[in-house]
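Notes for the one structure printed next.
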Amino acid sequence: MIRSGTRTVITGTDILNRGGSIGSSGANGTTVIAATNDVLNASGCISGNRVAVLAGNDIVNTTLIDAAGGSSIAGNSKVQQTLIGAQGAIVSTGDMVVAAGHDLTVRGANIDAGGNAQITAGHD
């Protein structure tokens, strides 16, 4: 967990949040995630009052899924088990900006703004 009261800023070439929580106060905090290349939020939560997720290339907000299967020794029986992780989320109680220079992908995840939302992708 990475959390502050008023301001959380994370910058880097590529940013991976796998099952973690990155945020600031929902009452008055600002959370900024800015990557030169890609931001991957996989079953993680990015939150705050004002939230900005910025990437020069791709932003992926997804929920992790792990499928495991097996076969029975006797007969043609098969067993499939699917494990679903926490829902990936980008959430603000106030305004939000999500801007990808290339693609924005959301798979089984949530983007939720309590105020205004500006969501853009340079490609798809």
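The values are calculated or read from the model by the stated rules, or taken from the named source; none is laboratory data. Values in this document were obtained by computation on a predicted structure and should not be read as measured data. Positions of Cβ are backbone-derived with ideal geometry, glycine not excepted, and every protein chain shown enters the neighbour counts.
Per-structure values
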item: Flag for THR105 being modelled with pLDDT of 95 or more, farther than 18 Å from ILE10 by Cα and β-branched (Val, Ile, Thr); result: yes
item: Test result for ASP14, over 19 Å from GLY115 (Cα atoms), charged (D, E, K, R), at pLDDT 95 or above and under 12 Å from the mean Cα position of the chain (by Cα); result: no
item: Candidate set from the stretch 83-124 (those that are surrounded by 16 or more Cβ atoms within 10 Å (Cβ to Cβ) and β-branched (Val, Ile, Thr)); member that is nearest to LEU64 (Cα to Cα); result: VAL106
item: Test: residue in the stretch 67-85 that is basic (Lys, Arg), at pLDDT below 95 and part of a strand (DSSP E or B); result: yes
item: Elements of type strands (runs of 3 or more DSSP E) contained in the stretch 1-59, each with 1 or more residues being crowded, with 16+ Cβ neighbours inside 10 Å; result: 7-12, 15-18, 21-24, 30-35, 39-42, 45-48, 50-55
